[in-house]
Ligand code: SF4
């Protein structure tokens, strides 16, 4: 799927995309290998926390409280951030956000930007828009750099290049950095990236970042990372532009005490991120860091999600990606099947809500509802519950003549009467008879049910139902 | 104790042996089993596929059939999960105060079969004999929604003659997921392939679980691959006795 932007408006349905990707054995191996490693690390560091469940519960409450008073905290953030010398911009949708960022970059006098990994900029496809405006973005996060140089798309919210293995990365670097003799140890690859990026850090005057958290109490912005490249982008450029969804706010600095325990352990299996940066506006003495700081607070359908009492908890997400690593569906398909930069369970609930439902109709069904995502979510988002809620919305949009809806209504009608149910049981036995082989198995089913018999057989229905047996036996003993 | 059996639409139609086994175990333990005849389906398939409105009357039907029961036993963790996780919310949605009260009174007495044995009756050994090599798959709803933990394994360990072998990745979803298996057939098959590989690696004669839905899915693949390995509901193992019919 390289080169094709992940856009729910143009993406194939999940089952169609998944069918192709399930055939990509190398990619599946890479994804399985990487998620196995992260999951094992996560389990280890979570296991050493005796109060993990309490922490999760506190994390959930902090996020829930924030969403309840989101307007209050956003206003407080704006006030405090402005007082510290930052400039706050509000964007109602992706287009407005892109225009604001492009305007700010142009005003900074630069034709290039260095970027810190940010899913929000991926969400609005900022890089494409920047390029369209004659601005060259350079990703500085190692994984994002791999994606950018490879003309690829992220497949995971924390580890965007998780679907690539080291050999594939080496090929990309050899080709794009013009390094025919590049070695293949992790050190060789890191060195190549470091050399490539160092020039950019020292010459590019404008930086673009996302945010992990916005702190209302102080007007501060928090970014956590593992490599330190982000910190270079935060401190070296003259102008720093941060773009964040309005859901990123937390009330108090002290709330980070909880969230910064939950996030790294869930995301990468680290006790703490190697780099935790919090910055407040600009240095009033003009000595340290950027001279100008702008922050774009983007709605992009988030207030709409907030209005829905059942879907709302989606906004509590702190983008740790644990649900992706735990999801058996994601582990089979990788991220690109989800047709959006948000993949896995969180993508399956976030994308249909951020985009109009009809662009992402099949995503709420991209789950077996096994609950592994809910089990690991550090802020206890009940993803299966939201999936089912969204399935209801999909069904509401179905027309009267939809075959599935018709079948479901019929079966529902049957279940509402014992007599009809028993008749249907008898009918089922009759109807299947021509399909049953001499050993009592069915190897092929027609229509909607054909998916079943692609790889599985079905035993013929027993001659006698339980209730028939019970009656013959004379009811209660 | 008088135990009301909710057999589930699925077991009633496709797996009557499981229901018979539940009756046999409970009666052997000295309980009386009743079977409210008007029962049909818990509404899970509709609810989980997004047809909430179709599930509502099934909740009402379930409550009408089972209210006042001392205990309700269900040989399916996913149906019990459906009830525990969603019935209260659905009743509130219907907005009928009586119904809400009845659901609240009824739910604490609804048990998945293995849960009834281990938690309500406090039993591990139910006097079964099953001289076969068996592996156990923890179905997702039993594991995560009901928190069955190692309850089913304890019951199995107490079975005489059994050779219980651990399943690698026992907590991983088998890929059934109701309509998921049909709507996302390819992904479901890939998940199933992992599961059946794990089952075959145990060299067990049979794979057991607390849900016939997972088992039907696993069995379907084991049969397609002509492996000779079969599946059997936990209740059927527990119902087997030395010299018995099963
Ligand atoms: S939904 Fe939960 S587990 Fe998934 S990315 Fe968000 S916070 Fe992490």
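The values are calculated or read from the model by the stated rules, or taken from the named source; none is laboratory data. A quick note: this is a predicted structure, and the numbers were derived from the prediction, not measured. Here the Cβ is made from the backbone with ideal geometry for all residues, glycine too, and neighbour counts use every protein chain on show.
What about residue B:127, is it more than 18 Å from the chain's Cα centre (by Cα), in contact (Cβ under 8 Å) with a residue 60 or more places away in the chain and outside any helix (DSSP H, G or I)?
Numbers: more than 18 Å from the chain's Cα centre (by Cα): yes; in contact (Cβ under 8 Å) with a residue 60 or more places away in the chain: yes; outside any helix (DSSP H, G or I): yes.
It is true that residue B:127 is more than 18 Å from the chain's Cα centre (by Cα), in contact (Cβ under 8 Å) with a residue 60 or more places away in the chain and outside any helix (DSSP H, G or I).
Give the residue that is surrounded by the fewest Cβ atoms within 10 Å (Cβ to Cβ), with candidates limited to residues of region A:343-364 that are away from the ligand (no atom under 13 Å from the Cβ) and assigned to a helix (DSSP H, G or I). Spell out how you get there, then give the answer.
Step one: of region A:343-364, the residues away from the ligand (no atom under 13 Å from the Cβ) are A:352, A:354-364.
The next check asks that each one be assigned to a helix (DSSP H, G or I); those that pass are A:352, A:354, A:357-359, A:363-364.
Values: A:352: 27, A:354: 22, A:357: 17, A:358: 11, A:359: 17, A:363: 31, A:364: 25.
That would be A:358.
Right, residue A:412: more than 15 Å from the ligand (Cβ to nearest atom), surrounded by fewer than 24 Cβ atoms within 10 Å (Cβ to Cβ), more than 30 Å from residue A:265 (Cβ to Cβ) and within 14 Å of chain B (Cβ to nearest Cβ) or not? Steps first, please.
Working: more than 15 Å from the ligand (Cβ to nearest atom): yes; surrounded by fewer than 24 Cβ atoms within 10 Å (Cβ to Cβ): yes; more than 30 Å from residue A:265 (Cβ to Cβ): yes; within 14 Å of chain B (Cβ to nearest Cβ): yes.
Yes, satisfied.
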Open item on the list: Tally up the residues in region B:130-166 that are farther than 12 Å from residue B:214 by Cβ and in a loop (DSSP other than H, G, I, E, B), please.
Closed with: 13
Task: Output for region A:463-477, where each listed residue is crowded, with 17+ Cβ neighbours inside 10 Å and part of a loop (DSSP other than H, G, I, E, B) - done: A:465
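Looking at region A:237-247, which of the residues that are closer than 14 Å to residue A:293 by Cβ and touching a residue at least 60 places away in the same chain (Cβ under 8 Å) is surrounded by the most Cβ atoms within 10 Å (Cβ to Cβ)?
Taking region A:237-247 and keeping what is closer than 14 Å to residue A:293 by Cβ, we get A:237-244.
Adding the requirement that they be touching a residue at least 60 places away in the same chain (Cβ under 8 Å) leaves A:237-239, A:241, A:243-244.
Working: A:237: 24, A:238: 15, A:239: 20, A:241: 24, A:243: 27, A:244: 24.
Once the filter is applied, the top-ranked residue is A:243.
Right, residue A:64: within 30 Å of residue A:90 (Cα to Cα) and either modelled with pLDDT of 95 or more or surrounded by 14 or more Cβ atoms within 10 Å (Cβ to Cβ) (or both) or not? Break it down stepwise before answering.
Working: within 30 Å of residue A:90 (Cα to Cα): yes; either modelled with pLDDT of 95 or more or surrounded by 14 or more Cβ atoms within 10 Å (Cβ to Cβ) (or both): yes.
For residue A:64, the condition - within 30 Å of residue A:90 (Cα to Cα) and either modelled with pLDDT of 95 or more or surrounded by 14 or more Cβ atoms within 10 Å (Cβ to Cβ) (or both) - is met.
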Open item on the list: Could you go through region B:206-227 and let me know if any residue there is away from every other protein chain (no Cβ under 11 Å), in contact with a strand residue (DSSP E or B) (Cβ under 7 Å, 6 or more places away or on another chain), over 20 Å from residue A:452 (Cα atoms) and assigned to a loop (DSSP other than H, G, I, E, B).
Closed with: yes
Open item on the list: Suppose we filter region A:90-119 for residues that are surrounded by 19 or more Cβ atoms within 10 Å (Cβ to Cβ) and touching a helix residue (DSSP H, G or I) at 6+ places or on another chain (Cβ under 9 Å); how many remain?
Closed with: 12
Task: Odd one out for residue A:377, checked against (1) within 16 Å of the ligand (Cβ to nearest atom); (2) within 8 Å of another protein chain (Cβ to nearest Cβ); (3) farther than 30 Å from residue B:222 by Cβ - done: (2)
Task: Residues of region A:120-168 that turn out to be surrounded by fewer than 19 Cβ atoms within 10 Å (Cβ to Cβ) and either assigned to a strand (DSSP E or B) or within 16 Å of the ligand (Cβ to nearest atom) (or both), as a count - done: 1
TODO: Please indicate, with yes or no, whether at least one residue in region B:159-170 is touching a helix residue (DSSP H, G or I) at 6+ places or on another chain (Cβ under 8 Å), within 23 Å of residue B:80 (Cα to Cα), more than 10 Å from chain A (Cβ to nearest Cβ) and touching a residue at least 40 places away in the same chain (Cβ under 8 Å).
DONE: no
Task: Single residue of region B:221-233 satisfying the filter (out of contact with any helix residue (DSSP H, G or I) (no Cβ under 6 Å at 6 or more places or on another chain) and closer than 22 Å to residue B:21 by Cα) that is surrounded by the fewest Cβ atoms within 10 Å (Cβ to Cβ) - done: B:230
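Among the residues of region A:298-342, what is the count of those that are part of a helix (DSSP H, G or I), away from the ligand (no atom under 15 Å from the Cβ) and surrounded by fewer than 24 Cβ atoms within 10 Å (Cβ to Cβ)? Spell out how you get there, then give the answer.
Just the residues of region A:298-342 that are part of a helix (DSSP H, G or I), to begin with: A:302-307, A:312-316, A:322-326, A:328-333, A:336-338.
Those still in the list that are away from the ligand (no atom under 15 Å from the Cβ) too: A:303-304, A:306-307, A:332-333, A:336-337.
With surrounded by fewer than 24 Cβ atoms within 10 Å (Cβ to Cβ) added as a condition, the list becomes A:303-304, A:306-307.
Residues that pass the stated criteria total 4.
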Task: Any chance residue B:246 is under 25 Å from residue A:17 (Cβ atoms), modelled with pLDDT under 95 and in contact with a helix residue (DSSP H, G or I) (Cβ under 8 Å, 6 or more places away or on another chain) - done: no
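Collect the residues in region A:384-436 that are outside any helix (DSSP H, G or I) and more than 42 Å from the chain's Cα centre (by Cα), keeping them in residue-number order.
Of everything in region A:384-436, those that are outside any helix (DSSP H, G or I) and more than 42 Å from the chain's Cα centre (by Cα) turn out to be A:417, A:436.
Only one of B:149, B:178 is surrounded by fewer than 21 Cβ atoms within 10 Å (Cβ to Cβ) and within 8 Å of another protein chain (Cβ to nearest Cβ). Can you tell me which?
On the way: B:149 fails: within 8 Å of another protein chain (Cβ to nearest Cβ).
Answer to the selection: B:178.
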Task: Filtered residue count, region A:214-231, keeping only those that are surrounded by 20 or more Cβ atoms within 10 Å (Cβ to Cβ) and farther than 17 Å from residue A:274 by Cβ - done: 6
TODO: Spot the failing condition for residue A:399; the list is (1) within 11 Å of another protein chain (Cβ to nearest Cβ); (2) more than 16 Å from the ligand (Cβ to nearest atom); (3) closer than 30 Å to residue A:350 by Cβ, and only one is missed.
DONE: (1)
TODO: Tally the residues that are more than 26 Å from residue B:17 (Cα to Cα) and within 11 Å of chain A (Cβ to nearest Cβ), restricting the search to region B:53-86.
DONE: 8
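This table checks each residue for (1) more than 7 Å from chain B (Cβ to nearest Cβ); (2) surrounded by fewer than 12 Cβ atoms within 10 Å (Cβ to Cβ); (3) closer than 28 Å to residue B:24 by Cβ; (4) in contact with a strand residue (DSSP E or B) (Cβ under 7 Å, 6 or more places away or on another chain).
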{"position": "A:434", "(1), (2), (3), (4)": "yes, yes, no, no"}
{"position": "A:437", "(1), (2), (3), (4)": "yes, yes, no, no"}
{"position": "A:455", "(1), (2), (3), (4)": "no, no, no, no"}
{"position": "A:461", "(1), (2), (3), (4)": "no, no, yes, no"}
